[in-house]
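The values are calculated or read from the model by the stated rules, or taken from the named source; none is laboratory data. Note that the structure is a prediction, hence the values are computed from the model and not measured. Virtual Cβ from ideal backbone geometry, glycine too; neighbours counted across all protein chains shown. What goes into the accessible areas is simple: the full protein's heavy atoms, side chains included, and nothing from ligands, DNA or RNA. Shrake-Rupley method; radii C 1.70, N 1.55, O 1.52, S 1.80 Å.
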Amino acid sequence: MRRLATTLALSAWTGFTALTGLRLAQEAGMLGGLSGDGWGGLLALMPNPLDLGLLPHQALAFAAMFAALAIGFGVGIAGLNVSSVAAARRAEPIAGAVLVALVALYASTALMGSPVAEVFGEGPGFLVSVAFTFGALLFDHLMEVDEDGADDATFETILQSIRAAERRALIENQRSSKFEESDGH
């Protein structure tokens, strides 16, 4: 798998945003109707609602934001793992933009004193994780090798020049050895 570090980091953010969105939708009371038809088992596995004290429409609005971020991360992962290097390079800004949107959501909720800021945890852990994700994006970007036919042709030309220089050096060495032998006798 190409771009393993970025895929792993963005997958973690996809899980975080998707689960947070579901828990906020649960807090808004939107998942109560899904308790039948096999959804009950899935919902039983989900942690309790966040109990942030939001009004249902507020919780639903934040649930939609987190769902949009999860979708954005998914699109970024899919784009980064296509077979074309050029297409993957076009997906890098998408992944970065979604990550910036997540940081903006964090900053706005924290600055406004919203209880939603609690989902990001306390301390610098969230920001350190974001920094590591940007680092993974940069690392994978730098490690991606652009295959270029002109590079291959240049490499072959250089190899041919080296071989020709080796042949000339061997011939010159043989002439010099013969010259020394003839001078010595």
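For segment 130-158, how many residues are open to solvent by 50 Å² or more (accessible area, probe 1.4 Å), modelled with pLDDT of 85 or more and farther than 20 Å from residue 2 by Cβ?
Of the residues in that region, 3 qualify.
Keeping to segment 72-109, report how many residues are open to solvent by 50 Å² or more (accessible area, probe 1.4 Å), in a helix (DSSP H, G or I) and under 16 Å from residue 6 (Cα atoms).
Count: 8.
Checking residue 50 against (1) out of contact with any Ser or Thr (no Cβ under 6 Å at 6 or more places or on another chain); (2) buried (at least 16 other Cβ atoms within 10 Å of the Cβ); (3) modelled with pLDDT of 80 or more; (4) within 24 Å of residue 10 (Cβ to Cβ), which test does it fail?
(3)
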